[in-house]
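Engineer: Input: one structure, supplied below.
The values are calculated or read from the model by the stated rules, or taken from the named source; none is laboratory data. If you're wondering where the values come from, they're calculated on a predicted model, not measured in any experiment. Cβ coordinates were reconstructed from backbone atoms using ideal geometry, including for glycine residues, and neighbour counts include every protein chain displayed. Each accessible area value is taken on the protein alone, full model and side chains, heavy atoms only, with ligands, DNA and RNA left out. Shrake-Rupley method; radii C 1.70, N 1.55, O 1.52, S 1.80 Å.
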Amino acid sequence: MKLASLKSGRDGRLVVVTKDLCWFTDAFLIAPTLQAALDDWDRCEPLLRGLAESLEHGAAPRGRFHEREAAAPLPRAYQWADGSAYVNHVALVRQARGAEMPESFWTDPLMYQGGSDGFLGPRDPIPLADEAWGCDLEGEVCVVTGDVKQGSSRAEALAQVRLVGLVNDISLRNLIPGELAKGFGFFQSKPASALSPVLVTLDELGAQWRDGKLHGPLEVTLNGKPFGRADAGVDMTFDFGTLVAHAAKTRDLGAGTIIGSGTVSNRDADGGPGKPISEGGLGYSCIAEVRTIETILRGKPETSFLKAGDTVRIEMNDPSGHSIFGAIEQTVGA
């Protein structure tokens, strides 16, 4: 089942979307918004599934689904917590700046709490007031949970995953060092993130969802050129069950909590840093990583951060080549 929110008010209008992302039908008789559906999931989920089946068979009123008309599936959420499950990415960034990699990073997930009061839609521009801030894309996977009890085990946490989607977790890289130096975490350096046009239930993913991970290449394109094809199920040190349980260690998580994977990152086949696609590698899911590798190999970064007019596209396909979540496609605005 694929769910989306069309732009309407502050919280969007919940719709069910066909598997091929071509058609939608309104779900307002079941729940007006996705958050309302998540709050009453046990009642709403089977009704939404029935509506989805009717839509697939042409038995429900339908309209053309245009991704440009979609808001983020959750235009605002009660909680957005982003992990760093691909420790390879963390290790490379720390290596480039000469920082030691604590051993605990391999056993205890990193996580920060981001702003959730407004997510960008999948076609909304990336607002950038100053290019000197170092605007970067970050291609990620995310899950949306039901209610998760404090102290839940990995298995209990994983059982509360309701939906899966993609994120562009936009970062302002040149603001990060000053903020982290204060010892109080990210804030100004983490503006609004963008979500994929649809979120999907686990059964929709088939074998691509296993062991608490989404498997498959995350396709990142920058200005029309392939930039990244890292497999989201490879080199993921912490699966989503572990990430959700980590977030719930000292608190309950409310339905509609969004948990991010962090930047998807793969090492090269020889175990070294990833290579650009142009050199036969899997590329990167953020600019910071390629700048890091340039620094390690050649002493300084060469690739620039995003500038006004640059366009980013993030998408994942199923084994038959069809888009699963639709595409996040954003142009940097002045």
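Engineer: Could you please find all residues in the range 262-293 being within 27 Å of residue 129 (Cα to Cα) and either touching an Asp or Glu at 6+ places or on another chain (Cβ under 9 Å) or not acidic (Asp, Glu) (or both)?
Structural biologist: Matches in the range 262-293: 262, 263, 264, 284, 285, 286, 287, 288, 290, 291, 292.
Engineer: Give the residues of the range 239-250 that are open to solvent by 10 Å² or more (accessible area, probe 1.4 Å) and in contact with an Asp or Glu (Cβ under 9 Å, 6 or more places away or on another chain), sorted by residue number.
Structural biologist: Quick first cut of the range 239-250, residues open to solvent by 10 Å² or more (accessible area, probe 1.4 Å) only: 239, 242, 245-247, 249-250.
Within the range 239-250, 239, 245, 246 qualify.
Engineer: Residue check: is residue 281 in a loop (DSSP other than H, G, I, E, B), more than 20 Å from the chain's Cα centre (by Cα) and at positive phi? Let's see the steps before the verdict.
Structural biologist: Details: in a loop (DSSP other than H, G, I, E, B): yes; more than 20 Å from the chain's Cα centre (by Cα): yes; at positive phi: no.
No, not satisfied.
Engineer: Is it the case that some residue within the range 251-266 is open to solvent by 60 Å² or more (accessible area, probe 1.4 Å), part of a loop (DSSP other than H, G, I, E, B), more than 26 Å from residue 69 (Cα to Cα) and in contact (Cβ under 8 Å) with a residue 40 or more places away in the chain? Write out each step before concluding.
Structural biologist: Within the range 251-266, the first condition is being open to solvent by 60 Å² or more (accessible area, probe 1.4 Å), and the residues that meet it are 251-252.
Next, only the ones that are part of a loop (DSSP other than H, G, I, E, B) stay: 251-252.
Going one step further and asking which of them are more than 26 Å from residue 69 (Cα to Cα), we end up with 251-252.
Filter once more, so that each one left must be in contact (Cβ under 8 Å) with a residue 40 or more places away in the chain: 251-252.
Yes; the residues of the range 251-266 include at least one that is open to solvent by 60 Å² or more (accessible area, probe 1.4 Å), part of a loop (DSSP other than H, G, I, E, B), more than 26 Å from residue 69 (Cα to Cα) and in contact (Cβ under 8 Å) with a residue 40 or more places away in the chain.
Engineer: Right, residue 318: in contact with a helix residue (DSSP H, G or I) (Cβ under 9 Å, 6 or more places away or on another chain) and open to solvent by 40 Å² or more (accessible area, probe 1.4 Å) or not? Give the derivation first.
Structural biologist: Values: in contact with a helix residue (DSSP H, G or I) (Cβ under 9 Å, 6 or more places away or on another chain): yes; open to solvent by 40 Å² or more (accessible area, probe 1.4 Å): yes.
Criteria met by residue 318.
Engineer: Next question. Could you tell me how many of the residues in the range 142-165 are of a type in the set (Asp, Glu) and in a helix (DSSP H, G or I)?
Structural biologist: Let us first name the residues in the range 142-165 that are of a type in the set (Asp, Glu), namely 147, 156.
Among the residues that remain, those that are also in a helix (DSSP H, G or I) are: 156.
Looking only at that region, the number is 1.
Engineer: Please name all residue pairs, on different chains or six or more residues apart, with Cβ atoms under 8 Å, provided the first residue is in the range 125-145 and is open to solvent by 10 Å² or more (accessible area, probe 1.4 Å) and the second residue is assigned to a helix (DSSP H, G or I) and basic (Lys, Arg).
Structural biologist: 133/173
Engineer: May I pose another question? Keeping to the range 209-227, report how many residues are within 17 Å of residue 324 (Cα to Cα) and not charged (D, E, K, R).
Structural biologist: The first filter runs over the range 209-227 and keeps only residues within 17 Å of residue 324 (Cα to Cα), leaving 209-210, 213-221.
From what is left, the residues that are not charged (D, E, K, R) are 209, 214-218, 220-221.
Adding up the residues that qualify gives 8.
Engineer: If you don't mind, another one. Quick check on the range 97-135: of everything there that is under 21 Å from the mean Cα position of the chain (by Cα) and among the acidic types (Asp, Glu), which residue is farthest from residue 11 (Cα to Cα)?
Structural biologist: So, considering only residues that are under 21 Å from the mean Cα position of the chain (by Cα) and among the acidic types (Asp, Glu), the one farthest from residue 11 (Cα to Cα) is 108.
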